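Report on one structure; see the data block that follows.
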Amino acid sequence: MTNPPATNNARSVSVDTEQTRDLRTRMVDALVKDGSLTDEQWTAVFLEVPRHALVPEYYEGGTHIAGETSRDAWLQAVYSDTTLITQRQHGAPSSSGTMPSLVATMLEALNVEDGDRVLQVATGTGYTAALLCERLGSANVTSIDVDPDLTAAAWERLYRCGYQPTIITADGNHGYARNAPYDRCIVTFGVTRVPPAWIEQTRTGGTIVAPVCNGLAQLTVTGPRTAQGRFIGAGYFIRHREPTPAPQISPPAPLAEQPTWPERTTDLPSSVYYDANFRFVLSFTHLDLVPAFRDGNLYDLTLIAPDGSHAHITPDGQLTQTGQRQVWDDIERTHATWQDLGAPARERFGLTVTADDQQVWLDSPESPHRWPLPA
Ligand SMILES: C[S@@+](CC[C@H](N)C(=O)[O-])C[C@H]1O[C@@H](n2cnc3c(N)ncnc32)[C@H](O)[C@@H]1O
């Protein structure tokens with residue numbers, strides 16, 4: 001890795017100094033201590049790659065923090081184990097620098113070997129791509145992001161750090177066939193199904209690490225269109241977006257036209273929504289429920305389904321449901337099933353992908369407890 005020349009302010013913030021090396025060493029020590037980094041080669045790579053050169057600015061709440069103007073706050077944030085929002089669109093985060101411990105976990109789960117060729121989907125800041133370049137060499141790394149502003153910025157920053165992976169601006173769901181086959185595929189945006197291209201472009205025996213629903217799936221490719229593996233941890237990521245605005249599908253009926261179900265109390269408290277293991281089960285059984293809260297109270301919860309049906313649960317268990325679906329009734333049934341199974345943790349689930357089907361299972365692929373992922 002070489003430092004970029006400090007020709008102007010924007011560039012000079014990215015120079016590696018004793019201070020940045022010191023902060024980086026401390027961050028890496030913490031990642032080793034908490035068990036996110038266990039592999040010596042990846043540890044050396046994290047010590048080498050200057051995260052601050054890839055993440056020169058971020059947003060904290062609505063405030064823009066840049067290295068040029070808030071150097072100390074920026075450096076502390078860049079070298080802490082935090083996800084940093086680096087782009088906002090329509091008031092919501094659209095890109096981020098993934099928290100280093102999660103990047104470390106995902107990279108270690110890839111089980112790379114020297115010379116492996118890797119498809120990295122979701123370039124974002126370019127930090128993950130930089131780590132892969134440092135470990136495997138730029139010629140072995142292909143990175144894709146849908147946003148041309150992000151790929152242009154990442155390309156320049158990577159270049160100035162001495163890395164020259166192939167950077168593609170395209171829909172990452174289609175992979176990049178021209179550089180296939182890959183030995184490994186790592187994805188840092190969230191999907192609800194594994195796109196066929198990632199499997200088709202990764203060789204048989206290769207590994208895919210990707211956030212599926214809200215779990216981190218580690219899959220082995222078992223054939224040209226098949227893969228199987230387990231969930232190894234949490235995978236809350238920015239969801240993938242379409243390269244062009246998606247067509248509006250069946251707009252929900254205006255609220256006044258939707259049926260309102262009789263009010264009742266529920267024994268299932270709204271807090272259940274925040275149980276990480278149950279939330280994972282919800283992520284593959286009740287896709288795309290959007291939460292909303294009243295007055296900032298997380299337990300005064302409304303869950304809204306894509307068709308506009310919604311359930312409102314107060315902290316003391318009063319339930320109102322509106323729309324075609326009785327959303328909380330569905331969740332109560334799912335919760336009862338999960339309890340009957342012994343409230344299994346996320347890591348007891350796995351995923352099998354075939355050409356026609358994608359199914360989550362409990363404990364083993366042969367398990368009678370299986371859930372098809374929605375198409
Ligand atoms: C969590 S960020 C990636 C973070 C990256 N690992 C890092 O640390 O900088 C998610 C990225 O996915 C990209 N993305 C979203 N939808 C996409 C799509 N369909 N194809 C490719 N990239 C997409 C976004 O532009 C965003 O940069």
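A few notes on this one:
- Yes/no for Ser96 being modelled with pLDDT of 95 or more, within 14 Å of the ligand (Cβ to nearest atom) and open to solvent by 10 Å² or more (accessible area, probe 1.4 Å): no
- Meeting the requirement of 1 or more residues that are crowded, with 20+ Cβ neighbours inside 10 Å and touching a residue at least 60 places away in the same chain (Cβ under 8 Å), the strands (runs of 3 or more DSSP E) wholly within the stretch 135-218 are 182-187, 202-212.
- Single condition Thr302 does not satisfy, out of (1) open to solvent by 40 Å² or more (accessible area, probe 1.4 Å); (2) assigned to a strand (DSSP E or B); (3) free of Cβ contacts under 8 Å to residues at least 12 places away in the same chain: (1)
- Here Pro269 fits the description: more than 16 Å from the ligand (Cβ to nearest atom) and modelled with pLDDT of 85 or more.
- Per this entry, Leu319 is counted among residues that are at pLDDT 95 or above, in the same structural domain as Thr265 (by TED's automatic domain parsing) and in contact with a helix residue (DSSP H, G or I) (Cβ under 9 Å, 6 or more places away or on another chain).
- Qualifying residue in the stretch 125-134 (condition: surrounded by fewer than 22 Cβ atoms within 10 Å (Cβ to Cβ) and either more than 8 Å from the ligand (Cβ to nearest atom) or among the small types (Gly, Ala, Ser) (or both)): no
- For Ala154, the requirement of being over 16 Å from the mean Cα position of the chain (by Cα), in the same structural domain as Ala122 (by TED's automatic domain parsing) and within 14 Å of the ligand (Cβ to nearest atom) is met.
- Restricting the stretch 352-375 to residues that are exposed (fewer than 14 other Cβ atoms within 10 Å of the Cβ) and among the small types (Gly, Ala, Ser) leaves a set whose member that is nearest to Phe284 (Cα to Cα) is Ala375.
- Subset of the stretch 99-109 (residues that are within 13 Å of the ligand (Cβ to nearest atom) and among the hydrophobic types (A, V, I, L, M, F, W, C)): Met99, Leu102, Val103, Ala104, Met106, Leu107
- Residue ranges of helices (runs of 4 or more DSSP H) in the stretch 17-60 with at least 2 members charged (D, E, K, R): 18-33, 40-48
- Lone unmet requirement of (1) exposed (fewer than 14 other Cβ atoms within 10 Å of the Cβ); (2) within 16 Å of the ligand (Cβ to nearest atom); (3) at pLDDT 90 or above for Ile85: (1)
- The set of residues from the stretch 219-240 being away from the ligand (no atom under 16 Å from the Cβ) and either closer than 14 Å to Leu110 by Cβ or buried (at least 24 other Cβ atoms within 10 Å of the Cβ) (or both) comprises Leu219, Thr220, Val221, Ala227, Gly229, Phe231, Ile232.
- Members of the stretch 13-37 found to be in contact (Cβ under 8 Å) with a residue 24 or more places away in the chain, surrounded by fewer than 16 Cβ atoms within 10 Å (Cβ to Cβ) and within 13 Å of Pro100 (Cα to Cα), listed by number: Arg26, Asp34
The values are calculated or read from the model by the stated rules, or taken from the named source; none is laboratory data. Fair warning: this is a prediction, and the values are worked out from it, not measured in the lab. Please note: Cβ atoms are built from the backbone with ideal geometry, for glycine as well, and neighbour counts cover all protein chains shown. For accessibility, only protein heavy atoms count, side chains too; no ligands or nucleic acids. Shrake-Rupley method; radii C 1.70, N 1.55, O 1.52, S 1.80 Å.
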